[in-house]
Amino acid sequence: MKRLNVALTLLTALTPLCAQTFVIRNGTVMTVSKGTFVGSVVIKDGKIAEVGTNVTVPPGATVIDATGHYVTPGIIDCHSHIAIDGSVNEGSVSVSSMANVRDVIDPEDIAIYRALAGGVTTANILHGSANAIGGQTIVLKMRWGKDAEGMIFEGALPGIKFALGENPKRQGNPANGALNAVARYPATRMGVEDVIREALNDARAYKAEWDVYAAAVAKGEHPIPPRKDLKLEPLKEVLEGKRYVHVHSYLADEILMIMRVADDYGFKIRTLQHVLEGYKVAKEIAAHGAGASTFSDWFDYKEEVRDAIAYNAALMTKKGVLVSLNSDDAELMRHLNSEAGKAMKYGGVSQDDALAMVTLNPAKQLGIDNRVGSIEVGKDADLVVFDKFPLSDFAKVEKVMIDGKVYFDRETEVAGRAALEAEKQRLIDKEKKAAAATPRTPGTPSATPPAGPAQVTP
């Protein structure tokens, strides 16, 4: 750690992170995949060992009484930009596939802890949308207190961000708010498609070189390998099915375009992100096999979202599209549970299907549903205890477990606030004392700014 995190130190001391066996008892268990019932969940060695109405409590297990509370799988956010130290966009070029958000993970980003407090246990961390082909993505678990490598979801297939529409084409026109002072191709939607196709053409030729090399090696020959190209390597992986493509998209015509491009080059779009006109072309999305990761009710905040509607998630679901609801925002990320509840209001989605939009469906979209997304024996013990029906605005997260360890406990958090405030005040007093003891040249401002109002972790 590059600096002492007092909040983490105190929280860790108060929270039983190392307990190996838990029983969450007598809660309303919403499994997502196996129905809802009043029962218990047994957690052992980081996995769900037993689920049912009548389970055996292992000797020495820590029992969590969930009577009157709800137990759900950990929430999964398929589109987030937290924990990457402000390095969201490499907007200087149209194709930045060589950039990788994995290299800039900031495990001390307070948004991680706040996401935990909202029940989020896993998130797909994406590059921004300033490029037709952006940077590489990574899936993280919200393991607050771990280092960057310790947060990475082991075995999750990496992805790459593509982007269509206003964001990438705006970079080609400084008058329209480009990040760069110099115009950059493309400046139109047509140009965005061209950039993507040209990059895939280069990747296909690059892959062919490596295929020839691999065939020669298989014959026992010893040829000189092709030169490694860091920009084309991840696109080669896309063509080989080893890397998922997540596409920032809004308009129906562009959604159809990118699916045609993918078909031409022999791969599938894994998720269409935002996809706010998806309801117009839901049948085509389902036929292609792409998932849709959308907002519950964000609309009319820029030109290309003027036709967005709150019924989008429900309509796409009814047409057979695998739909998830994402945040794209650190604040919204803290209440994705109630965002899922909106799908019940707008479109009559069932309770289980709504909860699946923030649990099992994004797990499927990220290829990790064998590990997370539902409460089933053998899966990772990534679980949330809510005090009320979890799709309600009034529900509060009481506990969050990841891999069978408690990473957030509301009672412990509230109890520890006094100690945090005391430690903060001690450091402020120490800094003031040091500043007072240091002689200053007349006219030189103090190095210590006035203390602001006390802040506590929400």
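The values are calculated or read from the model by the stated rules, or taken from the named source; none is laboratory data. Everything quoted here is computed from the prediction, not taken from an experiment. Don't worry about glycine lacking a Cβ; one is built from the backbone with ideal geometry, like all the others, and counts go over all protein chains shown.
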Within the range 121-136, which residues are assigned to a strand (DSSP E or B), closer than 30 Å to Val406 by Cβ and out of contact with any helix residue (DSSP H, G or I) (no Cβ under 6 Å at 6 or more places or on another chain)?
-> Thr121, Thr122, Ala123, Asn124
Filter result for Val55 (over 13 Å from the mean Cα position of the chain (by Cα), more than 23 Å from Gln20 (Cβ to Cβ) and either surrounded by fewer than 22 Cβ atoms within 10 Å (Cβ to Cβ) or among the acidic types (Asp, Glu) (or both)) | no
Considering every residue within the range 99-120, establish whether at least one is buried (at least 24 other Cβ atoms within 10 Å of the Cβ), in a strand (DSSP E or B) and in the same structural domain as Val195 (by TED's automatic domain parsing).
-> yes
Test: Ser350 is assigned by TED's automatic domain parsing to the domain that holds Lys141 and over 12 Å from Thr294 (Cα atoms) | yes
From the residues in the range 163-192 that are in contact with a Leu (Cβ under 9 Å, 6 or more places away or on another chain) and part of a loop (DSSP other than H, G, I, E, B), which one is modelled with the highest pLDDT?
-> Leu164
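Residues checked against (1) basic (Lys, Arg); (2) modelled with pLDDT under 95; (3) on the phi < 0 side of the Ramachandran plot:
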position: Phe389; (1), (2), (3): no, no, yes
position: Ser392; (1), (2), (3): no, no, yes
position: Lys396; (1), (2), (3): yes, no, yes
position: Lys405; (1), (2), (3): yes, no, yes
position: Phe408; (1), (2), (3): no, no, yes
position: Ala418; (1), (2), (3): no, yes, yes
position: Ala436; (1), (2), (3): no, yes, yes
position: Thr448; (1), (2), (3): no, yes, yes
position: Pro453; (1), (2), (3): no, yes, yes
Please state which one of Ala308, Ala290, Ala282, Ala286 is in contact (Cβ under 8 Å) with a residue 24 or more places away in the chain, in contact with a helix residue (DSSP H, G or I) (Cβ under 6 Å, 6 or more places away or on another chain) and hydrophobic (A, V, I, L, M, F, W, C).
-> Ala282
Residues being touching a residue at least 24 places away in the same chain (Cβ under 8 Å), of a type in the set (Val, Ile, Thr) and over 30 Å from Thr72 (Cβ atoms): count how many of those fall in the range 381-436.
-> 0
Kindly provide the set of residues from the range 50-88 that are under 26 Å from Gly150 (Cβ atoms) and of a type in the set (S, T, N, Q), ordered by number.
-> Thr62, Thr72, Ser80, Ser87
Selection over the range 137-160 where residues are among the hydrophobic types (A, V, I, L, M, F, W, C) and assigned to a strand (DSSP E or B) yields a count of 5
If you check every pair at least six apart or on different chains, which have Cβ atoms under 9 Å apart with a residue in the range 13-29 that is farther than 13 Å from Gly60 by Cβ and modelled with pLDDT of 85 or more first and a residue that is acidic (Asp, Glu) and part of a strand (DSSP E or B) second?
-> Ile24/Asp65; Arg25/Asp65; Asn26/Asp65; Gly27/Asp65
Out of the range 288-305, which residues are over 23 Å from Thr359 (Cα atoms) and either hydroxyl-bearing (Ser, Thr, Tyr) or modelled with pLDDT of 95 or more (or both)?
-> Tyr301
Members of the range 380-393 found to be surrounded by fewer than 21 Cβ atoms within 10 Å (Cβ to Cβ) and in contact with an Asp or Glu (Cβ under 9 Å, 6 or more places away or on another chain), listed by number | Asp387
Out of (1) within 25 Å of Ala117 (Cβ to Cβ); (2) without any contact (Cβ under 8 Å) to a residue 12 or more places away in the chain, the odd one out for Ala354 is which?
-> (2)
Before we move on, is Leu427 of a type outside the set (Gly, Ala, Ser), at pLDDT 90 or above, out of contact with any Asp or Glu (no Cβ under 9 Å at 6 or more places or on another chain) and under 30 Å from Phe386 (Cα atoms)?
-> no
What do you reckon, is Leu336 farther than 25 Å from Gly35 by Cβ, of a type in the set (A, V, I, L, M, F, W, C), under 15 Å from the mean Cα position of the chain (by Cα) and not assigned by TED's automatic domain parsing to the domain that holds Asp403?
-> no
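Rundown of residues vs (1) among the acidic types (Asp, Glu); (2) surrounded by 23 or more Cβ atoms within 10 Å (Cβ to Cβ); (3) assigned to a loop (DSSP other than H, G, I, E, B), yes/no style:
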{"position": "Arg227", "(1), (2), (3)": "no, no, yes"}
{"position": "Val238", "(1), (2), (3)": "no, yes, no"}
{"position": "Ile255", "(1), (2), (3)": "no, yes, no"}
{"position": "Leu272", "(1), (2), (3)": "no, yes, no"}
{"position": "Leu276", "(1), (2), (3)": "no, yes, yes"}
{"position": "Lys283", "(1), (2), (3)": "no, no, no"}
{"position": "Glu304", "(1), (2), (3)": "yes, no, no"}
{"position": "Met316", "(1), (2), (3)": "no, yes, no"}
{"position": "Asp329", "(1), (2), (3)": "yes, no, yes"}
